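The values are calculated or read from the model by the stated rules, or taken from the named source; none is laboratory data. Predicted model only: the values in this text are computed from it and were never measured. Here Cβ is always computed from backbone atoms with ideal geometry, including for glycine, and neighbour counts include all displayed protein chains. The protein model used for the area step is the full one, side chains on, heavy atoms only, and it has no ligands, DNA or RNA in it. Shrake-Rupley method; radii C 1.70, N 1.55, O 1.52, S 1.80 Å.
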Amino acid sequence: MIKNIKVNLDLIESMLYYWKATSEKEKVGEKYIISIAEDNNMKQLFSEDFDSESVRRALSAISNREIFKPNSKKEGRFWNNNMWMLEDLEFTNMMVKPVKLLNLDSDKEKIPTSKNFEQIEVVFLPGHMDVSYMDKNLDKIFINFFRVAPSLYDESVKIDDVEFKDYILNKITELVK
């Protein structure tokens with residue numbers, strides 16, 4: 001059984017400040033951008049063609065209103081996803097709301113597992129290509145925040161065409177099997 005499911009919003013909270021400040025034409029400091037780029041949870045996104053420098057370059061270019069020339073498809077997608085957040089902060093807030101209200105503790109007994117897990121952590125991060133990432137060594141699931149899709153017509157929220165909470169519970173089930 002899983003004893004605790006923690007939802008980690010640290011990166012999204014940092015990005016909310018970044019998106020708001022940038023949309024209001026405030027300069028976001030390079031140290032702040034570097035702190036996002038070097039966050040341990042961002043490492044889940046890193047590969048040979050996307051690293052902390054990719055994150056720094058993209059976010060810095062947006063904040064400084066500079067032309068950005070991506071070195072890879074992942075860099076381009078990351079830049080594009082962040083630019084999208086700046087277009088309509090109301091929609092960004094619609095995406096943030098279900099994430100902030102997410103509570104999985106009441107659902108932990110529904111997850112079939114033969115082992116005891118002290119804690120599973122669900123981390124929302126500003127991703128690029130994939131919907132989610134798992135690290136069984138860390139008992140963590142990483143969800144690409146940009147894939148949270150609230151409906152414009154009702155209160156429903158989905159990820160990859162699956163109801164928001166169900167998607168996350170399915171990923172937790174995959175992790176603990």
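Rounded to a whole number, what % of the accessible area of the chain do carbon and sulfur atoms account for, probe 1.4 Å?
In the chain, the share of accessible area belonging to carbon and sulfur is 47 percent.
Hey, could you get me the Stokes-Einstein D for the chain, Kirkwood radius over alpha-carbon pairs, 10 °C and 1.306 mPa s, rounded to whole µm² s⁻¹?
Estimated via Stokes-Einstein, D reaches 94 µm²/s.
Filter the GluC sites (Glu not before Pro) in the stretch 36-137 to those in DSSP coil with at most 16 other Cβ atoms within 10 Å of their Cβ, and list the result. Numbers along the way, then the final one.
Numbers: sites: 38, 48, 53, 66, 75, 87, 90, 109, 118, 121; in loops: 38, 48, 66.
In loop regions of the stretch 36-137 (DSSP not H, G, I, E or B), the sparsely surrounded GluC sites (Glu not before Pro) are 38, 48, 66.
Can you give the percent of C-alpha pairs in the stretch 85-177 whose distance is more than 17 Å?
Tail fraction, whole percent: 51.
Taking every DSSP beta bridge with both residues inside the chain, roughly what % is antiparallel (nearest 5)? Please list the in-between numbers first.
Details: 10 of 21 bridges.
Roughly 50 percent of the beta bridges in the chain run antiparallel, per DSSP.
If the elastic network links every pair of Cα atoms under 10 Å, which of 92, 113, 22 fluctuates the most in the Gaussian network model of the chain?
Its mean-square fluctuation being the largest, the pick is 113.
Taking the alpha-carbon distance from residue 110 and a cut-off under 17 Å, which lysines remain once sequence neighbours fewer than 8 residues away in the same chain are dropped?
Partners found: 3, 6, 165, 171, 177.
I'd like the distance between the alpha-carbon centres of the stretch 3-27 and the stretch 86-129, rounded to an integer number of Å.
Measuring centre to centre over Cα atoms gives 14 Å.
Return the loop-located trypsin sites (Lys or Arg not before Pro) in the stretch 1-71 (DSSP other than H, G, I, E, B) with at most 11 other Cβ atoms within 10 Å of their own Cβ; answer none if there are none.
Filter output for the stretch 1-71: 25, 27, 65.
Students often forget the sequence filter, so: which aspartates and glutamates lie under 13 Å Cα-Cα from residue 27 once same-chain residues fewer than 8 apart are removed?
Within reach: 66.
Starting from the 7 Å offset along Cα-to-Cβ, what nm value, one decimal, do you get for the label separation of residue 166 and residue 13?
The answer from the label model is 3.1 nm.
Mind checking the per residue accessible area of the stretch 40-177 for me, 1.4 Å probe, whole number of Å²?
Computed with neighbouring chains in place, this is 54 Å² per residue.
How about the stretch 116-177: which chymotrypsin sites (Phe, Trp or Tyr not before Pro) there lie in a loop by DSSP and see at most 13 other Cβ atoms within 10 Å?
153
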